[in-house]
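Visitor: Sharing a structure here in structure tokens format.
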Amino acid sequence: MPGDKVDSLPTGKAQIPGAESHGLARRAGLFLLHSREASIALAAIILIIYFGSTAAAFLSPGNIANLAEYAATTAIIAAGEVMVIICGEVDLSAGNVYALSPFVMYFAHQAGAPFVLAILLGLLAAAAVGLINGFITVVLEVPSFITTLGTLYLINGFTLTISNGYPVQPNGSPFIINFFGGTPISQISWAIGITLLFQFILNKTRWGLHTIATGGNLLGAAEIGIKVGKIKIGNFIICSCLGGLAGILDTFRISSIDPLAGGTDIMFMAIASSVIGGTLLTGGSGTVIGAFLGAAVLGILKNGFTLIGVSAFTFDMILGAAILATMIINVRLSRLRAAGGKR
Amino acid sequence: MSEEALRTENISKSFGRVTALRDASVRLNKGEVLGLLGDNGAGKSTLMKILTGFHKPDGGKIYFLGKEIELKSVSHARSLGIEPVYQDLALVNELNVYRNMFLQREIMVGGPLRILNDGAMREFAREHLNEMGVNIPSVDVEIARLSGGQRQAIAVARSVYANAKVLLLDEPTAAMGVRETAVILDLIRRLKERGDVSIIVVAHNYAHVFEVCDRVNLLQNGRITFDRATKDSSVQELLNLVLHEIREARGQVGKA
Ligand SMILES: Nc1ncnc2c1ncn2[C@@H]1O[C@H](COP(=O)(O)OP(=O)(O)OP(=O)(O)O)[C@@H](O)[C@H]1O
Ligand SMILES: [Mg+2]
């Protein structure tokens with residue numbers, strides 16, 4: 001190799017023989033193959049172009065705001081699911097914590113707590129649910145699928161009981177409302193901030209490293225001294241808190257607290273976002289940015305189909321097929337990716 | 001008599017109805033390499049995992065540098081300088097080489113988020129692996145992409161890196177080729193020359209054990225049944241001993 005133009009990356013990528021002779025298309029292909037986020041981002045762009053050209057209203061500011069708000073909520077919960085899924089578990093209850101936390105906040109405020117404190121109490125309730133999920137899963141050794149299925153119903157019943165099944169209206173100063181998700185900008189800023197924060201935690205901090213190790217090799221991580229139980233419980237708490245936060249943000253957006261909001265619907269959307277975005281349900285590997293993009297794709301699909309007038313029934317079929325198609329492509333891609341460097 | 005590094009007294013351990021260890025007493029002297037032999041299922045890995053703080057023994061005592069201690073966790077044992085290399089290697093496939101090397105002993109730039117110092121870990125890992133003659137394409141590759149022997153070399157290198165006082169190597173050459181085995185055996189010899197580390201090596205290859213070990217112990221049915229300096233024994237003697245027992249056991253089955 002001519003020694004004058006050596007790639008400055010320390011990874012030695014420049015030494016792959018003949019790498020520079022390939023064309024642009026091939027490079028793009030390789031990039032798609034090697035970046036888990038790239039394929040889902042591409043899907044999002046294609047969908048935006050498609051709906052933008054078929055439905056005039058799709059790219060209107062109002063609709064974009066709508067879309068952003070919807071995707072933001074899902075993305076926030078998905079960030080938590082990614083953390084839990086990477087350490088080899090799953091949280092089915094996050095969508096119900098989404099409904100619980102705003103009520104705790106509301107009642108705390110009614111009881112005289114200042115708003116910020118009330119919000120913190122709402123999040124504390126969420127954290128308590130996460131702790132319970134983690135404790136039952138880690139200490140009592142119940143698979144998290146079952147644990148969180150149980151707490152899903154428990155919390156749902158609890159929220160319905162304390163609310164008597166009726167929605168309530170939150171109040172709060174305009175500043176609080178606007179800061180905590182009252183505007184599309186605020187909502188999407190929270191989602192982006194949380195996504196970047198957790199992507200950073202995952203890739204650059206000890207917590208993220210130990211989360212990956214726990215999911216990648218549970219026994220091995222324990223053998224080398226990582227407190228795998230602590231990691232799992234911590235991530236259950238994170239996921240629950242993000243579920244609660246998403247609920248609180250949405251409360252201020254739609255200025256109503258509905259005991260039936262969220263639930264399994266938003267939970268499945270969040271898990272689907274994670275998985276579509278490239279997080280493996282088998283644990284050990286995942287991306288928060290991918291989950292954010294996954295949430296965007298699901299939001300675009302839902303919104304776009306509604307705009308071009310597809311009925312709700314047809315929509316579910318199309319959505320299901322879209323999820324399957326994305327997943328099949330994703331699985332193929334990760335196979336290729338794994339085969340690409342091995343042996 | 002030389003000073004002891006690590007000693008157990010009557011360690012017992014059961015898993016449900018399976019008794020893995022009963023009254024296992026071993027003694028590892030300072031600066032010594034002790035070979036631990038025994039059949040599959042004899043309890044070798046269990047004994048090692050008790051000494052790394054991974055399993056709690058049901059009964060018995062552990063002495064480290066002459067003092068009785070309770071190993072509270074793997075991190076506790078590692079902080080004392082007891083470093084494990086497990087039979088299953090305890091490497092994470094999804095992480096690259098240098099992150100595996102520093103797992104649970106990460107170099108951090110600090111802050112409340114405990115941000116990792118990848119640059120430092122990469123540099124140290126590269127230097128250390130070079131020094132040890134471990135041959136891998138780069139410290140940035142994922143462990144999943146390495147061969148069995150390379151992984152084993154990484155696991156051994158990881159434990160040596162930490163300035164260990166006691167190394168517990170559970171079958172460190174099990175999946176290795178001739179060249180790689182030679183590298184590991186040579187490494188053990190070099191560590192012995194350094195003199196500041198004491199090593200237990202579990203192995204099935206008698207020749208390897210006699211090549212690098214000062215003393216050899218035989219673990220049978222959860223007990224140490226043979227303990228002798230390698231210079232006073234031979235591969236043949238041990239083989240005879242084990243084969244004799246097998247024949248005896250067969251004979252008894254025949255008579256019954
Ligand atoms: N975590 C565990 N749970 C249940 N049983 C176990 C566990 N670990 C070990 N055992 C049992 O304890 C006994 C001793 O196992 P151990 O792994 O210590 O043997 P070993 O001497 O290392 O064998 P090998 O040469 O095959 O590695 C075996 O019968 C094994 O099945
Ligand atoms: Mg073993």
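The values are calculated or read from the model by the stated rules, or taken from the named source; none is laboratory data. Given the structure is predicted, the values throughout are model-derived calculations rather than measurements. Cβ: placed from backbone, ideal geometry, glycine included. Neighbour counts: every protein chain shown.
Results for (1) modelled with pLDDT of 95 or more; (2) within 28 Å of A:G294 (Cβ to Cβ), shown as yes or no for each residue.
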{"position": "A:V97", "(1), (2)": "yes, yes"}
{"position": "A:P102", "(1), (2)": "yes, yes"}
{"position": "A:P114", "(1), (2)": "no, no"}
{"position": "A:L123", "(1), (2)": "yes, yes"}
{"position": "A:A126", "(1), (2)": "yes, yes"}
{"position": "A:F135", "(1), (2)": "yes, no"}
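Visitor: With respect to the numbered conditions (1) away from ligand 2 (no atom under 14 Å from the Cβ); (2) not in a strand (DSSP E or B), which one is the sole condition not fulfilled by B:I11?
Guide: Evaluating B:I11 over (1) away from ligand 2 (no atom under 14 Å from the Cβ); (2) not in a strand (DSSP E or B) leaves (2) as the failure.
Visitor: Filter segment A:286-302 for residues that are modelled with pLDDT of 90 or more and not aliphatic (A, V, I, L, M); which is farthest from the chain's Cα centre (by Cα)?
Guide: This residue is A:G299.
Visitor: On to the next question. Across segment A:253-282, what is the number of residues that are in a loop (DSSP other than H, G, I, E, B) and either under 10 Å from the mean Cα position of the chain (by Cα) or closer than 15 Å to A:R36 by Cβ (or both)?
Guide: 6
Visitor: If you don't mind, there's one more thing I want to ask. Which of the residues spanning segment A:77-100 are of a type in the set (S, T, N, Q) and closer than 20 Å to A:V138 by Cα?
Guide: Across segment A:77-100, the qualifying residue is only A:S93.
Visitor: Could you tell me whether A:T211 is of a type in the set (S, T, Y), touching a helix residue (DSSP H, G or I) at 6+ places or on another chain (Cβ under 8 Å) and within 14 Å of another protein chain (Cβ to nearest Cβ)?
Guide: Criteria met by A:T211.
Visitor: Just to verify a result, which residue in segment B:36-68, among those that are crowded, with 17+ Cβ neighbours inside 10 Å and away from ligand 2 (no atom under 16 Å from the Cβ), is nearest to the other protein chains (Cβ to nearest Cβ)?
Guide: Looking at residues that are crowded, with 17+ Cβ neighbours inside 10 Å and away from ligand 2 (no atom under 16 Å from the Cβ), I get B:G53.
Visitor: Would you please name the residue that is nearest to the chain's Cα centre (by Cα), looking only at residues in segment A:114-143 that are within 19 Å of A:G215 (Cβ to Cβ) and surrounded by 24 or more Cβ atoms within 10 Å (Cβ to Cβ)?
Guide: A:G130
Visitor: Sticking with this one: Residue under question is B:K56, and the condition is that it be under 27 Å from A:T214 (Cβ atoms), of a type outside the set (S, T, N, Q) and within 16 Å of ligand 1 (Cβ to nearest atom); does it hold?
Guide: The answer is yes for B:K56.
Visitor: Let me ask something additional. Output yes when any residue across segment B:76-96 is acidic (D, E), more than 30 Å from B:E127 (Cβ to Cβ) and either touching a Pro at 6+ places or on another chain (Cβ under 8 Å) or more than 15 Å from ligand 2 (Cβ to nearest atom) (or both), and no when none is.
Guide: No, segment B:76-96 has no match at all.
Visitor: For a quick check of your reading of the model, give me the residue pairs whose first member lies in segment B:198-226 and is farther than 23 Å from B:G81 by Cα, whose second is away from ligand 1 (no atom under 12 Å from the Cβ) and small (G, A, S), with beta-carbon atoms closer than 7 Å and at least 6 apart or on different chains.
Guide: B:V209/B:G35; B:I224/B:S25
Visitor: Moving on to the next point. Would you mind finding the one in A:G247, A:G277 that is buried (at least 24 other Cβ atoms within 10 Å of the Cβ), farther than 26 Å from B:F102 by Cβ, away from chain B (no Cβ under 14 Å) and modelled with pLDDT of 95 or more?
Guide: Just one listed residue meets the conditions, A:G247.
Per-residue answers, yes or no, for (1) β-branched (V, I, T); (2) at the interface with chain B (Cβ under 9 Å from one of its Cβ atoms); (3) farther than 17 Å from B:R99 by Cα; (4) part of a helix (DSSP H, G or I):
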position	(1), (2), (3), (4)
A:G181	no, no, yes, yes
A:S186	no, no, yes, yes
A:S189	no, no, yes, yes
A:T195	yes, no, yes, yes
A:Q199	no, no, yes, yes
A:G215	no, yes, no, yes
A:A222	no, yes, no, yes
A:G225	no, yes, no, no
